[in-house]
Amino acid sequence: MASLSLQLSSLHHTSATPLILRSTPLNRRPPTQKPFSIRAQSAPVLSQDDLKKLAADKAVESVKSGMILGLGTGSTAAFVVDKLGQLLSTGELSDIIGIPTSKRTQEQAASLNIPLTTLNKHPHIDLAIDGADEVDPNLDLVKGRGGALLREKMVEAASSSFIVVADDSKLVSGLGGSGLAMPVEVVQFCWKYNLVRLEGLFKDLGCEAKLRLVGDGSEKPYVTDNGNYIVDLYFKNPIKDGFGAGKEISALEGVVEHGLFLGMATSVIIAGKTGVEIMTK
């Protein structure tokens with residue numbers, strides 16, 4: 001794996017005038033001299049949204065006029081869509097067409113006057129840009145906490161290149177290592193039956209399976225854009241064999257798709273406190 005680190009030098013204070021310290025005897029002080037102090041000026045602290053935007057802006061540099069683009073879903077991907085809309089409005093980009101991976105991305109892109117199409121009309125995509133919930137050292141991913149994993153996987157599998165954008169909090173040593181949800185989209189019919197089976201697959205990893213709810217204290221199940229439910233898997237220990245786990249999950253009747261995106265990313269752009277790192281295989 002190669003990496004390129006781009007330092008954000010503009011964030012660090014520098015002085016054009018060197019500080020000159022002159023020697024003064026300990027028992028004397030010039031009568032006009034006043035005490036002075038030097039306060040260190042540090043780089044501004046970047047928020048998680050700042051880091052996401054840095055990664056998104058860097059990814060958009062790979063977009064060329066005339067491309068068919070896969071438009072991801074989630075907070076980081078939203079910065080990508082915003083940037084594309086800005087570049088289209090200024091004429092810096094032209095003739096791009098987007099394929100959104102969710103209804104909310106479709107609405108955002110339409111509001112920015114980004115032309116849209118579908119996989120039915122354009123089955124071959126030049127470039128997809130999307131976020132990730134976890135990124136391991138092999139550039140394998142967990143995605144889908146935003147609920148769009150099926151459409152994301154379809155669009156990104158049809159893309160010649162797939163750039164992932166994320167902040168450094170998404171880096172893990174092994175998938176499932178964050179302790180947060182690894183989603184599995186299942187049909188509504190007998191969803192609990194599949195929840196129990198999914199949890200049983202990963203007993204040795206201390207897995208707990210939960211039906212995703214809409215939130216805000218509601219007991220109503222979350223429904224995907226495709227009319228399905230999501231079972232979230234929470235691991236106490238990282239998944240040992242991602243490809244094996246994905247195969248076992250997919251073999252269960254009633255499972256539509258899982259959030260393990262394996263061997264799909266061509267590069268990952270990670271924004272951290274000291275700069276932007278581009279990781280490639």
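The values are calculated or read from the model by the stated rules, or taken from the named source; none is laboratory data. It should be emphasised that the depicted structure is a prediction, and the values quoted were computed from it without experimental measurement. Note: ideal-geometry Cβ built from the backbone for every residue, glycine included; neighbour counts use all protein chains shown. Areas reflect the complete protein model, heavy atoms only, side chains present, ligands, DNA and RNA absent. Shrake-Rupley method; radii C 1.70, N 1.55, O 1.52, S 1.80 Å.
At-a-glance table
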{"item": "Overall form of the range 173-217 per C-alpha gyration tensor (a/c, 1.5; a/b vs b/c)", "result": "oblate"}
{"item": "Förster radius 25 Å - calculated FRET efficiency between D49 and T274, Cβ distance, rounded to 0.05", "result": "0.90"}
{"item": "Linear extension gain, S62 paired with K121, 0.36 nm per residue minus alpha-carbon span", "result": "18.9 nm"}
{"item": "Rounded to whole Hz, the Karplus (6.51, -1.76, 1.60) HN-Hα couplings of the range 184-195, x for glycine and proline", "result": "10, 8, 10, 5, 5, 4, 6, 4, 5, 4, 6, 4"}
{"item": "Residues whose placed amide H lies under 5 Å from that of L213, excluding near-sequence neighbours", "result": "Y222"}
{"item": "Amide hydrogen neighbours beyond the local backbone of G144, cut-off 5 Å, H modeled", "result": "D133"}
{"item": "List C190, C207, ordered by accessible area with a 1.4 Å probe, largest first", "result": "C190, C207"}
{"item": "Using θ = phi - 60° and Karplus 6.51 cos²θ - 1.76 cosθ + 1.60, couplings along the range 65-81 (whole Hz; Gly, Pro as x)", "result": "4, x, 7, 9, 10, x, 9, x, 10, x, 5, 6, 4, 4, 5, 4, 5"}
{"item": "Heavy-atom surface of the range 176-281, accessible at 1.4 Å and reported per residue (Å²)", "result": "49 Å²"}
{"item": "15 Å beta-carbon shell around R145, net charge (K/R +1, D/E -1)", "result": "-1"}
{"item": "Percent antiparallel among DSSP beta bridges (both partners in the range 59-165, rounded to 5)", "result": "15 percent"}
{"item": "Cleavage-rule hits, chymotrypsin sites (Phe, Trp or Tyr not before Pro), the range 145-208, DSSP coil, Cβ neighbours within 10 Å at most 15", "result": "F189"}
{"item": "P(r) histogram, all alpha-carbon pairs of the range 59-197 included - 5 Å bins from 0, percent", "result": "2, 10, 19, 21, 19, 12, 10, 5, 2, 1, 0"}
{"item": "Which of T73, T90 is most accessible, then next, and so on - probe 1.4 Å", "result": "T90, T73"}
{"item": "The range 123-248 shape via C-alpha gyration tensor axes, a/c threshold 1.5", "result": "oblate"}
{"item": "Stretchable slack from T266 to A157, in nm (0.36 nm times residue separation minus alpha-carbon distance)", "result": "38.1 nm"}
{"item": "The range 50-58 - phi-based ³J(HN,Hα) in whole Hz, Karplus 6.51/-1.76/1.60, Gly and Pro as x", "result": "4, 5, 4, 5, 4, 5, 5, 4, 5"}
{"item": "Total formal charge among the other residues, if their Cβ is under 14 angstrom from that of L211, Lys/Arg +1 and Asp/Glu -1", "result": "0"}
{"item": "Charge tally in the Cβ shell below 9 Å around D168, where Lys, Arg are +1 and Asp, Glu are -1, D168 excluded", "result": "0"}
{"item": "Nonlocal amide H pairs with S161, under 5 Å, H built at 1.01 Å", "result": "L127, A128"}
{"item": "Heavy-atom surface of the range 101-144, accessible at 1.4 Å and reported per residue (Å²)", "result": "46 Å²"}
